[in-house]
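Structure first, commentary second.
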Amino acid sequence: MGIGRINGDLYLVDDRGGVIDQFGPNYAEFDLPIIDGLAPRDNATLIDPSRARLAARVLAALQARPDLARRVSEIDVSDDRDATLILKGDTALVRVGTEQFVERLQSYVDLAPALRDRVAAIDSVDLRFDQRVYVRPVAKRGN
């Protein structure tokens, strides 16, 4: 279960991407990730089934690791071939693809301190490729 951001509004969504209810104060005690990208841009009220399945697979995989699940702040499934996660207290986009979500996320958690030693401001980390980690630094703004 998560909080789907659809057309600028927040909804409590089930593990298949179905809308349960509009998210509000009555659900404040739940610590759930925000899920972006469930609805395609051209029809912002209809949930895309392939994106919902990807989000559901990420959430299901994380259930096996509550310690990691608690760290996930946002899940973006705008690309149904590449789930992107944002962790609480971190701004890096962590690209985990369509499989091995827990393993890839754990890899990022383990590597993050070393990555930050080399790249202070990380825009994204791509973990979709076996044995390779691609780090994109935040672009410097022109003066």
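The values are calculated or read from the model by the stated rules, or taken from the named source; none is laboratory data. Here the structure is a predicted model, which is why all the values come from computation and not from measurement. Virtual Cβ from ideal backbone geometry, glycine too; neighbours counted across all protein chains shown.
Key figures for this structure:
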| quantity | calculated |
| --- | --- |
| Residue in segment 44-63 that is part of a strand (DSSP E or B) and under 15 Å from the mean Cα position of the chain (by Cα) present | no |
| Unmet requirement for ALA39, which otherwise passes all of (1) within 19 Å of GLU99 (Cβ to Cβ); (2) surrounded by 20 or more Cβ atoms within 10 Å (Cβ to Cβ) | (1) |
| Which numbered condition ARG5 misses (of (1) assigned to a loop (DSSP other than H, G, I, E, B); (2) under 16 Å from the mean Cα position of the chain (by Cα)) | (1) |
| Residue count for segment 13-23, restricted to those that are modelled with pLDDT of 90 or more and either of a type outside the set (Phe, Trp, Tyr) or surrounded by fewer than 15 Cβ atoms within 10 Å (Cβ to Cβ) (or both) | 2 |
| Test result for LEU62, within 23 Å of ASP14 (Cβ to Cβ) and touching a helix residue (DSSP H, G or I) at 6+ places or on another chain (Cβ under 8 Å) | yes |
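Rundown of residues vs (1) of a type in the set (A, V, I, L, M, F, W, C); (2) more than 25 Å from LEU127 (Cα to Cα); (3) assigned to a loop (DSSP other than H, G, I, E, B), yes/no style:
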site: ASP21; (1), (2), (3): no, yes, no
site: ASN26; (1), (2), (3): no, yes, no
site: PRO40; (1), (2), (3): no, no, yes
site: SER73; (1), (2), (3): no, no, no
site: VAL77; (1), (2), (3): yes, no, no
